[in-house]
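Following: one structure in structure tokens, then a few remarks.
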Amino acid sequence: MDTALLTRWITGIAETVRANRERLTELDAAIGDADHGVNLDRGFGAAVQALAEEPPVSPGALLRLVGGTLIRRVGGASGPLYGTAFREAGRHLGSLGDSPEVSPAELARALRAGLDGVTRLGSAAEGDKTMVDALAPAVRALESATASPAAARAVAEEREAFEAAASAALAGAEATIPMVARKGRASYLGPRSAGHEDPGAASCALVFAALLSAVND
Ligand code: ADP
Ligand code: MG
Ligand code: MG
């Protein structure tokens, strides 16, 4: 997995966020302040532009650039949280020497570092009705599907690993519907937050769907 693949990923996220902008904003209208789609559209649009202006030379540098751009350009809770996820994933790869290619197992570990960054910053646990409810199961699925030695894995199995991550994120997002929010704006509603999908979990499912598409391209 190289910078070309990860650039396709980020570009794909920007496209799917744009296509789902109204849906994400409607989800946020129900339990938040109706800006999630707009926030992410601005952020990932800026990330694509940053990648085009200064193409990074390694997956780690790319993820750090995307993270920094999201932190700077997206207001609200989701900018710093998504930004931290990408930046911490990039820092993990930086700590390994920023090689120009990373394996799916290395990307899984980088995304684990991203998840750790999100929970450090936002202190949400699974079940709190946030993006963590989609991100955590997706990272777990990717980790377990890439745990066997690389030499034993066929290319088809690598695709299956990303399919498993995308399905886990989607299932995790759907599972937020009955939850009562304990973090973020939606928590102000208390029990009235139940019955609505969390917008950040929904967008996180889009992020992993875009990763699967980038791998399959
Ligand atoms: P804001 O709530 O500031 O308007 P957004 O609407 O862009 O920001 O993003 C809202 C999403 O951010 C929520 O749906 C939730 O998934 C996520 N979120 C909010 N607070 C937290 C937190 N403490 N930890 C993890 N995710 C959070
Ligand atoms: Mg909002
Ligand atoms: Mg807001």
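The table below lists the values:
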quantity: Members of the stretch 85-114 found to be among the hydrophobic types (A, V, I, L, M, F, W, C) and not in a helix (DSSP H, G or I), listed by number; calculated: 96, 102
quantity: Only one of 185, 140, 159 that is surrounded by fewer than 21 Cβ atoms within 10 Å (Cβ to Cβ) and within 16 Å of ligand 3 (Cβ to nearest atom); calculated: 185
quantity: Residue within the stretch 43-63 that is within 16 Å of ligand 3 (Cβ to nearest atom) and over 27 Å from residue 158 (Cβ atoms) present; calculated: yes
quantity: Options 30, 34, 52, 47; residue that is modelled with pLDDT of 95 or more and at positive phi; calculated: 34
quantity: Helices (runs of 4 or more DSSP H) contained entirely in the stretch 1-84, each with at least 3 residues that are more than 24 Å from residue 107 (Cα to Cα); calculated: 21-31, 36-53
quantity: Considering residues of the stretch 55-75 that are surrounded by fewer than 19 Cβ atoms within 10 Å (Cβ to Cβ) and either more than 25 Å from residue 103 (Cβ to Cβ) or at pLDDT below 95 (or both) only, the residue farthest from ligand 2 (Cβ to nearest atom); calculated: 72
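The values are calculated or read from the model by the stated rules, or taken from the named source; none is laboratory data. A quick note: this is a predicted structure, and the numbers were derived from the prediction, not measured. Note that each Cβ is placed from the backbone with ideal geometry, even for glycine, and that neighbours are counted across all protein chains shown.
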